[in-house]
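Trainee: Submitted below is the structure of interest, expressed as structure tokens.
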Amino acid sequence: MIALLRRTAIWAISQTTVEATAECALQLVTAVHRAGDYASALSLGSDAAELLKPRLGEDNIWLIRLRQRMGRALFRLGRFEESATLLRQVLECCERALGPEALDTLTTYRRLAGTLFNLDQRPDAISLVRRAAEGYVRALGPEHPLTLLARSDILELSSNSIDVDSGPDLVMECRRGLGDEHTVTLIAELNCAFSLNRAGRPEEALPYIHSAFAKFSRRFGSDYPLAFNARESLGVILHELGQNNEAIEHLEEVAAGRTRVLGPNHPWTIYAQELLKRYRDLQTDF
């Protein structure tokens, strides 16, 4: 694919052909990203964007989507500052070329919100994801999967009691409209559990996190990033319920798995290791 892009950059090829090639490049990068190989997705995306930008211009829809995917890969690799910088640039292109209500703009709001949340910029993150959710409702309706996903993001980011209380209803909407095994339903279960536990309601959170962890592991494998997220939340919730030995067992798996998959220096690996140490220290105090 990269060799084809290099030829496209050299040969006198029509704009339609260049855009078709860009679409193929995006599909390849997306497939690699969804397989969990974020470093390769970033490398492929960077090479493709560098070759395509002179022919398409930065406001081209395919280049926008390609660079957005690169921002998501940087996020998954724990390079949050770089992700935020790139996604801000993409958002400027989206708002200029497509307008604030375009679906690609709304998606960029969501992706930038997740990055800002990990940089402890919660107010900005919540503002962006609310803007995305409201835009999806206007464009697609309240029951569309993208709307439900944005509403699920709000659960993860916001500690507002109204948002927390809405979590179980959102899960039911997802189950009813999309099915128990749909990825959006699983993400809603995970974020509902996270939100309830953060609000001091671990007993209510437990069935949601058990369901999310079991389904993520079954569908994608125990080393899948969202399976790690669910298992970490399960460990935290079990700890809050006084089941510290079981919580430590889960955190040991998360810390080892993230070290193996993401590397020892990834922020999420370090967080899991710190959490594990804290729980072990509490265990030895008794």
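The values are calculated or read from the model by the stated rules, or taken from the named source; none is laboratory data. Source: prediction; values computed, not measured. Using ideal geometry, Cβ is built from the backbone for each residue, glycine included, and neighbour counts are taken over all protein chains shown.
Trainee: Of everything in segment 160-183, what is over 17 Å from PRO202 (Cα atoms) and either hydroxyl-bearing (Ser, Thr, Tyr) or surrounded by 20 or more Cβ atoms within 10 Å (Cβ to Cβ) (or both)? Give them in sequence order.
Mentor: LEU170, CYS174, THR183
Trainee: Determine whether segment 148-159 contains at least one residue that is surrounded by fewer than 17 Cβ atoms within 10 Å (Cβ to Cβ) and at pLDDT below 95.
Mentor: Checked against the condition, which is being surrounded by fewer than 17 Cβ atoms within 10 Å (Cβ to Cβ) and at pLDDT below 95, segment 148-159 yields at least one hit.
Trainee: Given the residues SER159, SER195, which is the only one that is outside any helix (DSSP H, G or I), of a type in the set (Gly, Ala, Ser) and touching a residue at least 24 places away in the same chain (Cβ under 8 Å)?
Mentor: On the way: SER195 fails: outside any helix (DSSP H, G or I).
After applying the criteria, what remains is SER159.
Trainee: With respect to GLU252, is the statement that it is closer than 25 Å to ASP281 by Cα, acidic (Asp, Glu) and free of Cβ contacts under 8 Å to residues at least 60 places away in the same chain true?
Mentor: Spelling it out, GLU252 is indeed closer than 25 Å to ASP281 by Cα, acidic (Asp, Glu) and free of Cβ contacts under 8 Å to residues at least 60 places away in the same chain.
Trainee: State whether the residues of segment 223-233 include one that is farther than 22 Å from ASP120 by Cα, without any contact (Cβ under 8 Å) to a residue 60 or more places away in the chain and among the polar types (S, T, N, Q).
Mentor: Scanning segment 223-233 turns up no residue that is farther than 22 Å from ASP120 by Cα, without any contact (Cβ under 8 Å) to a residue 60 or more places away in the chain and among the polar types (S, T, N, Q).
Trainee: Against the condition under 30 Å from ILE270 (Cα atoms) and of a type in the set (Asp, Glu), how does GLU82 come out, does it pass?
Mentor: When the stated conditions are applied, GLU82 passes them.
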